[in-house]
Amino acid sequence: MNERTGVEERQRTTGELPGFFGTHEPLPADEIRPEVWDLIDQWVAAHPGGRERLIPLLHRVQEEIGYLPFPVQEYVAQQLALSPIEVYGVVSFYHFFTTNPRGRYQLKVCMGTACFVRQGQRVLEAIESLLAIGIGDVTEDRLFSLEQVRCIGACGLAPAMMVNDEVHGHLTATEVRKLVRKLRARARRESAASAEEEASGDEPA
Ligand code: FES
């Protein structure tokens, strides 16, 4: 196994990598968890090969953290012995890769024809004003991100949107407000449950 240098170790723990993309703003500690660097190391070790590993690895990382920030792209480049520009070229070429953080709840509002003629624009505007974000943005608490998509295959439910993998239809501004309230409450419940679980795990046996 390769010994990691002190510099590499620091880069992994701080998320700061020097190089092609210039100086990065230091990333909040929770933004790239140490497990992400480990995941990349382990994936590379388990999949010997060359450049053909790039897209599957990027998929795996995006599946884990929802997007591909530049420090991660640089680390992937290092580990696959590619140049950062090659990695960036692939990430920017394919629409399914993104460098924008996504929220825990990804709201994808449909603007296909059926949804558009049934006031899909109003649904979009209601979300934008409720969450104070625009298309492609994420809320500060990282709970919601907003995208506009074309036909999600639920035209009979127009206007419709997806929340992660769930379809929601017949939407109105009021329905959207209710849905956002429900999702916030769900996130609070889940956070409280996991805090409780952590606390009970900390108790001495
Ligand atoms: S146009 Fe919106 S689901 Fe088809």
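Assorted remarks:
- Leading residue by the ranking (farthest from Thr172 (Cα to Cα)) among those in region 95-150 that are of a type in the set (S, T, N, Q) and in contact with a helix residue (DSSP H, G or I) (Cβ under 7 Å, 6 or more places away or on another chain): Thr99
For every residue, the table says whether it meets (1) at pLDDT 80 or above; (2) among the hydrophobic types (A, V, I, L, M, F, W, C); (3) over 20 Å from the mean Cα position of the chain (by Cα).
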position	(1), (2), (3)
Gly22	no, no, yes
Pro34	yes, no, no
Arg51	yes, no, yes
His59	yes, no, no
Pro71	yes, no, no
Gln78	yes, no, yes
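- Test for Glu86: is it under 17 Å from the mean Cα position of the chain (by Cα) and more than 16 Å from the ligand (Cβ to nearest atom): no
- Of all residues in region 159-172, those that are farther than 13 Å from Tyr105 by Cα and within 9 Å of the ligand (Cβ to nearest atom) total 3.
- Some residue of region 129-136 being within 16 Å of the ligand (Cβ to nearest atom) and farther than 24 Å from Phe96 by Cα: no
- When the residues of region 137-156 are filtered to those that are of a type in the set (A, V, I, L, M), within 18 Å of Arg177 (Cα to Cα) and surrounded by 18 or more Cβ atoms within 10 Å (Cβ to Cβ), the one that is nearest to the ligand (Cβ to nearest atom) is Leu146.
- From Glu197, Glu175, residue being acidic (Asp, Glu), more than 14 Å from the ligand (Cβ to nearest atom) and surrounded by 15 or more Cβ atoms within 10 Å (Cβ to Cβ): Glu175
The values are calculated or read from the model by the stated rules, or taken from the named source; none is laboratory data. Only a predicted model underlies this, so the values are computations on that prediction, with no experimental measurement involved. Positions of Cβ are backbone-derived with ideal geometry, glycine not excepted, and every protein chain shown enters the neighbour counts.
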